[in-house]
Structure formats: structure tokens, C-alpha cells
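The values are calculated or read from the model by the stated rules, or taken from the named source; none is laboratory data. As the structure is a prediction and not an experimental result, all values here were calculated from the model. All Cβ positions, even for glycine, are placed from backbone atoms using ideal geometry, and neighbour counts span all protein chains on display. Accessible surface is based on the protein model in full, side chains and every heavy atom, while ligands, DNA and RNA are left aside. Shrake-Rupley method; radii C 1.70, N 1.55, O 1.52, S 1.80 Å.
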Amino acid sequence: MAKKYVMALDAGTTSNRAIIFDENSKIIGVAQKEFTQHFPKPGWVEHDAEEIWSTMCEVMKGALEQSGLEASDIAAIGITNQRETAVVWDKNTGRPVYHAIVWQSRQTSGIVDDLKAKGLLEEFKQKTGLTLDAYFSGTKITWILDNVEGTRARAEAGDLIFGTIDTWLIWKLTGGKAHVTDYSNASRTLMYNIKELKWDDALIGYLNVPKTMLPEVRPSSSVYGYSIPAILGSSIPVAGAAGDQQAALFGQNCFQPGEAKNTYGTGCFMLMNTGTDIYDSKNGLVTTIAWGLDGKVEYALEGSIFVAGSAIQWLRDGARMVDSAPDSEWVAKKVRDTGGVYLVPAFVGLGAPYWDSDARGMIIGITRGTTKAHIVRATLESLAYQTKDVLGAMEADSGIKLAALKVDGGAVANNLMMQFQADILGVPVDRPQIIETTALGAAYLAGLAVGVWNSKEELKTAWKLDVRFEPVMPEQEAAKLYKGWKKAVKHAMHWLE
Ligand code: G3P
């Protein structure tokens with residue numbers, strides 16, 4: 001009998017998860033584990049790639065155990081990952097030469113400034129669809145080769161290779177046999193020409209990265225190799241990969257141009273499918289590859305917000321205002337509004353639509369009556385305001401007015417926040433029954449490659465609405481609140497200049 005289970009590996013920014021889906025998109029096993037965040041200097045964020053791998057091994061085994069299945073029951077593994085995070089490792093020893101530099105990290109903003117000063121912004125934008133920012137992978141490789149002793153010579157000798165987390169995991173899973181990435185992840189590196197679908201020699205030259213370091217770019221649904229039996233006990237096809245935001249777009253079944261979703265994870269990312277058209281954003285968004293599938297590449301417009309769930313994590317771990325992330329809902333509910341307080345979570349600068357590396361976080365509007373509950377509420381509301389910023393840009397760029405916004409990710413379980421989101425947008429917010437759409441998208445891509453599913457149409461039957469949050473706040477009130485947000489953002493911008 002054909003195998004009907006797919007294991008999705010969701011390599012997020014703060015935790016790794018393995019989720020096993022059956023052919024009806026039902027979760028039958030799941031395991032999750034957080035890993036260490038390293039903050040060596042203000043604004044820097046790093047991970048230990050070895051720890052990412054070891055925790056992933058643990059959760060793969062945990063999910064299998066929970067499902068009661070054997071590895072030999074799994075038809076395919078699909079990978080989805082925090083994007084842009086860069087790992088450089090020695091292909092002979094398998095050892096990373098430095099920590100993985102995380103997408104949120106600002107340590108390469110000096111390199112970015114130099115590229116901008118050379119007048120290269122437009123060329124990068126035209127070829128990659130991206131803006132020049134420390135967020136994307138390219139300058140992270142440059143930084144490692146420039147700052148970690150001996151690495152440039154080893155890279156030039158062909159011993160060092162680069163990968164985003166998908167590439168690192170596929171390489172580890174296949175015992176070093178496959179050094180590959182998919183189109184969606186390649187499109188986040190600042191080195192991949194999204195029109196000509198190739199690594200761009202000129203861009204690689206500006207970044208001073210030896211081409212031998214770069215992985216082969218493959219479709220998002222394709223057998224890249226087979227996991228070595230030493231890991232799970234039998235060999236499984238590794239058959240799909242996509243950046244987590246693109247995977248969520250797929251898992252939300254946004255297959256048609258004009259369909260959009262917003263994922264509330266560590267950051268918050270709104271993507272709109274634009275089909276085979278490449279939009280040139282005039283409003284601070286980026287253009288990205290959605291996926292490569294069925295012999296073609298499709299694109300998306302994206303609004304990338306750097307801090308969303310990580311602001312709630314900061315409430316828990318940094319400010320210690322809540323004991324757990326879900327607690328933020330009842331703490332915020334103790335007050336009926338923020339009492340005029342705004343929190344701008346520009347902890348690592350601001351992404352779309354502002355792109356300001358020098359912005360920093362700020363709480364403003366505090367009075368003698370301000371309590372912890374107001375600040376917690378302001379933090380939750382900041383996710384909604386940032387989403388409003390991005391939706392405005394997306395509607396302006398695409399000329400499409402969204403009838404409803406599909407949402408997913410951990411924070412959408414927070415009803416208070418979802419209602420506020422609908423109120424501020426003035427647009428209904430649709431939460432599906434399966435909010436693990438990122439992992440689901442990766443499972444679909446892998447399952448399509450090995451015949452668990454046969455077409456996108458077949459996948460559509462699994463998407464079911466849980467709750468539609470209708471806007472209830474009077475428009476004028478929403479507009480007034482949003483005006484306050486825009487004022488607050490202005491104060492947080494250019495802080496380091
Ligand atoms: O581009 C960064 C993004 O992929 C991170 O996703 O889920 O960790 O917020 P997440």
C-alpha cells in the first residue's frame with residue numbers, strides 16, 4: 001500500500017518543530033523544542049547551527065513516537081525554514097565556521113551602507129526584487145568571510161559552503177550528499193536573479209562571495225535526496241522545501257493571483273500571490289519567489305515585519321510582564337484600551353514599509369496611570385498596526401482591495417488581538433481551523449513530489465474556516481488610533497543616526 005504520511009520540519013527562528021500529517025491534512029504527531037538565542041551585541045542575533053540540527057533530530061523522533069508510526073511509514077520529508085539566516089560550513093568536516101547569522105541580525109548594516117554608497121540599490125532591487133538591507137542573507141556571508149579568521153582563504157579553496165537553514169538541514173539529512181536550496185529560499189539571498197532564475201555573477205561579485213559556496217537551486221517540490229538511515233532508522237525521500245512564509249502561503253491555499261495571507265510568527269509576514277507577474281513595489285514591499293512547482297516559478301509581493309511574536313517573547317523573557325505568551329491575552333484584557341500608550345517594537349530596526357536599520361524600540365504615551373496591562377496591550381496592538389502599515393502598501397502596489405485577510409501562526413490563537421486586527425484594518429480576518437499552515441505547506445510540497453497528493457485542487461478541500469473576525473470598531477475611532485501609531489513610529493525612526 002502506498003505510504004500516506006508526510007513529515008514536515010518547521011525550522012523556525014526560536015524553535016524547531018516536526019509535524020506528521022496524514023493524507024487528510026490531519027496532524028497525527030508533533031514535537032517542538034526551543035533553542036538558544038545568542039545576542040552577542042545589541043542588535044545582533046545568532047544561532048548555533050549544530051543546535052538547530054540536534055534539536056531537529058530530537059523533534060523528528062518525538063513526532064514519530066507520538067504518532068505511533070515507524071520512519072518507514074513516512075512517504076516524504078518536507079522542510080520549511082526561517083529564511084535568510086546564513087550558515088557557512090566546511091564541506092569536508094561538516095562543521096560550521098561561525099554561528100548562523102539570523103535574519104533579524106543587524107551586524108551587517110555597515111556592509112549594506114557601503115553597497116548603497118556605491119549606488120547599487122537599484123541594481124539589487126531590479127535583479128532580486130529585494131531592497132538592500134541587513135535582513136537578507138548575502139551580506140551575512142560577506143561578514144563571515146571578512147571577520148572570521150582564515151575563512152576567506154578556505155572559501156576560495158572551495159572548502160566552505162553556504163546555505164540557508166533549508167540547505168543546512170537537507171545537507172545534514174542526506175549525510176552531506178545534497179547541497180541544494182529551493183527557488184523561494186534562493187530569492188531571499190540578494191544574489192539570485194529572480195527574472196533570469198540564476199545566481200547573478202555581478203551581485204555575487206559586489207558581495208565578494210565565491211560562487212562555489214552557493215547551493216544548486218531546485219523546485220520547491222522535488223526529491224533532493226534521501227535521509228540517511230542512521231538518523232531515523234530508515235531512508236526517507238527529502239522531497240520539498242520552501243521558506244516558511246511561502247510555505248504558509250501554500251498551506252493557506254493562496255494559489256491564485258491576488259490571494260494573500262498574514263503569518264504571525266517571530267516576525268509577521270504578509271504575502272500576496274502575484275502568479276507569474278513580477279511586481280516592482282513602489283511602497284516599501286519586496287518581490288519574492290513564492291515557489292517553483294509544476295515546471296514554473298510563481299511570485300509574491302511581501303511585507304516583512306521583523307518583530308511580532310518576538311515582542312511577546314520579550315514581554316515574557318525580557319520585561320517579565322507575563323509568565324507565558326498566551327497569558328498576554330488575559331493581562332491585556334484587564335484594561336479596555338492602552339490609555340494612549342503605544343509600543344513600537346523596532347528592536348532590530350524596522351522592516352516593511354519603513355526599512356530603517358537605525359530605528360529602535362520605544363514605549364510612548366506613558367502617564368501616571370499606566371500599568372503593566374496597558375503596556376502588554378500596546379504590545380499586542382503593535383502587531384495589528386504593523387500589519388495595517390503593510391496591507392496599505394500591498395493594496396497600493398497591487399491595486400487589489402482585499403475582501404478578507406487569511407491569518408495563521410501561533411499568535412492568531414489570541415482572540416483579543418485578532419478582533420483588534422479586524423477593527424484596525426476594517427477588513428474581516430479569517431482564521432482557519434489548521435493554523436499550522438507553514439508546516440502544512442511544506443508537507444503539501446513534499447507530498448506532491450511523491451504522490452501522496454496529486455494536484456493543488458485536491459489540497460483545497462482541507463482548508464476550513466474556524467472564525468471570521470468582523471470589524472466592529474467605528475471607522476473614525478480606528479483611524480484615530482492608527483494616526484497615533486504613525487506618530488509613534490516617526491519618533492522611533494532614525495534613533496541611532
Ligand atoms: O524572513 C524571516 C522569516 O522567515 C521568519 O519567520 O516564523 O520565524 O517569524 P518566523
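Restricting Ile435, Ile424 to those that are touching a strand residue (DSSP E or B) at 6+ places or on another chain (Cβ under 9 Å) and among the hydrophobic types (A, V, I, L, M, F, W, C) reduces the list to Ile435. In region 285-307, which residues are of a type in the set (D, E, K, R) and modelled with pLDDT of 95 or more? Of everything in region 285-307, those that are of a type in the set (D, E, K, R) and modelled with pLDDT of 95 or more turn out to be Glu298, Glu302. The condition of being within 14 Å of the ligand (Cβ to nearest atom) and within 30 Å of Trp453 (Cα to Cα) holds for only one of Asp10, Asp73, that being Asp10. For region 372-416, the set of residues classified as among the hydroxyl-bearing types (Ser, Thr, Tyr) and touching a helix residue (DSSP H, G or I) at 6+ places or on another chain (Cβ under 7 Å) consists of Thr379, Ser382, Tyr385, Thr387, listed by residue number.
This table checks each residue for (1) open to solvent by less than 50 Å² (accessible area, probe 1.4 Å); (2) over 25 Å from Val97 (Cβ atoms); (3) out of contact with any helix residue (DSSP H, G or I) (no Cβ under 7 Å at 6 or more places or on another chain).
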{"residue": "Lys118", "(1), (2), (3)": "no, yes, yes"}
{"residue": "Glu123", "(1), (2), (3)": "no, yes, yes"}
{"residue": "Gln126", "(1), (2), (3)": "no, yes, yes"}
{"residue": "Val148", "(1), (2), (3)": "yes, no, yes"}
{"residue": "Thr151", "(1), (2), (3)": "yes, no, no"}
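Can you tell me which residue among Asp244, Asp200 is more than 16 Å from the ligand (Cβ to nearest atom) and at pLDDT 95 or above?
On the way: Asp244 fails: more than 16 Å from the ligand (Cβ to nearest atom).
Just a single option satisfies the conditions, and that option is Asp200.
A residue that is over 29 Å from Ser109 (Cα atoms), crowded, with 20+ Cβ neighbours inside 10 Å and hydroxyl-bearing (Ser, Thr, Tyr) cannot be found anywhere in region 229-244.
Of the residues making up region 158-213, not one is among the acidic types (Asp, Glu) and touching a Leu at 6+ places or on another chain (Cβ under 6 Å). Pro432 meets each of the listed conditions (1) at pLDDT below 95; (2) open to solvent by 20 Å² or more (accessible area, probe 1.4 Å) apart from (2). Looking only at residues in region 247-263 that are closer than 15 Å to Ile400 by Cα and part of a strand (DSSP E or B), the one that is nearest to the ligand (Cβ to nearest atom) is Lys261. Figure legend. Inter-residue proximity from region 369-382: first residues within 20 Å of Cys268 (Cα to Cα), second residues part of a helix (DSSP H, G or I) and β-branched (Val, Ile, Thr), beta-carbon distance below 6 Å, spacing 6+ or different chains. Indicated pairs: Val376/Val331.
Only a single criterion out of (1) at pLDDT below 95; (2) touching a strand residue (DSSP E or B) at 6+ places or on another chain (Cβ under 7 Å) is not satisfied by Gly233, namely (2).
Assessment of region 144-157 against the conditions (within 27 Å of Val238 (Cβ to Cβ) and assigned to a loop (DSSP other than H, G, I, E, B)) yields no matching residue. Restricting attention to region 146-164, does a residue exist that is out of contact with any Gly (no Cβ under 6 Å at 6 or more places or on another chain), under 23 Å from Thr288 (Cβ atoms) and modelled with pLDDT under 95? The answer is no; no qualifying residue exists. Within region 349-368, restricting attention to residues that are open to solvent by less than 50 Å² (accessible area, probe 1.4 Å) and within 20 Å of Ser328 (Cβ to Cβ), the residue that is nearest to the chain's Cα centre (by Cα) is Gly361. One residue alone among Ala230, Ala239 is away from the ligand (no atom under 14 Å from the Cβ), under 21 Å from Ile170 (Cβ atoms) and in a helix (DSSP H, G or I), and that residue is Ala230. Apart from one condition, Trp171 fits all of (1) within 23 Å of Val45 (Cβ to Cβ); (2) in a loop (DSSP other than H, G, I, E, B); (3) in contact with a strand residue (DSSP E or B) (Cβ under 7 Å, 6 or more places away or on another chain); the exception is (2).
Look at Trp103 and say whether it is open to solvent by less than 30 Å² (accessible area, probe 1.4 Å), touching a Lys or Arg at 6+ places or on another chain (Cβ under 7 Å), in contact (Cβ under 8 Å) with a residue 40 or more places away in the chain and within 16 Å of the ligand (Cβ to nearest atom). For Trp103, the condition - open to solvent by less than 30 Å² (accessible area, probe 1.4 Å), touching a Lys or Arg at 6+ places or on another chain (Cβ under 7 Å), in contact (Cβ under 8 Å) with a residue 40 or more places away in the chain and within 16 Å of the ligand (Cβ to nearest atom) - is met. Taking region 95-130 as the range and being touching a strand residue (DSSP E or B) at 6+ places or on another chain (Cβ under 7 Å), within 17 Å of Ala352 (Cα to Cα) and modelled with pLDDT of 95 or more as the test, the residues that pass are Thr128, Gly129, Leu130. Could you say whether any residue in region 370-393 is farther than 17 Å from Thr263 by Cα and surrounded by fewer than 16 Cβ atoms within 10 Å (Cβ to Cβ)? Looking through region 370-393, at least one residue is farther than 17 Å from Thr263 by Cα and surrounded by fewer than 16 Cβ atoms within 10 Å (Cβ to Cβ).
Against the definition (under 24 Å from Gly351 (Cα atoms), open to solvent by less than 10 Å² (accessible area, probe 1.4 Å), touching a Phe, Trp or Tyr at 6+ places or on another chain (Cβ under 8 Å) and of a type in the set (A, V, I, L, M)), how does Ala247 come out, yes or no?
On the way: under 24 Å from Gly351 (Cα atoms): yes; open to solvent by less than 10 Å² (accessible area, probe 1.4 Å): yes; touching a Phe, Trp or Tyr at 6+ places or on another chain (Cβ under 8 Å): no; of a type in the set (A, V, I, L, M): yes.
Against the criterion (under 24 Å from Gly351 (Cα atoms), open to solvent by less than 10 Å² (accessible area, probe 1.4 Å), touching a Phe, Trp or Tyr at 6+ places or on another chain (Cβ under 8 Å) and of a type in the set (A, V, I, L, M)), Ala247 does not qualify.
Looking for something closer than 19 Å to Ile27 by Cβ, exposed (fewer than 15 other Cβ atoms within 10 Å of the Cβ) and in contact (Cβ under 8 Å) with a residue 40 or more places away in the chain - is there at least one such residue anywhere in region 445-454? Within region 445-454, none of the residues are closer than 19 Å to Ile27 by Cβ, exposed (fewer than 15 other Cβ atoms within 10 Å of the Cβ) and in contact (Cβ under 8 Å) with a residue 40 or more places away in the chain.
The set of residues in region 180-223 that are out of contact with any strand residue (DSSP E or B) (no Cβ under 6 Å at 6 or more places or on another chain) and open to solvent by 40 Å² or more (accessible area, probe 1.4 Å) comprises Lys195, Glu196, Leu197, Lys198, Asp201, Gly205, Tyr206, Asn208, Lys211, Thr212. Sort out which residues of region 31-69 are within 20 Å of the chain's Cα centre (by Cα) and aliphatic (A, V, I, L, M), and write them in order of number. Ala31, Val45, Ala49, Ile52, Met56, Val59, listed by residue number.
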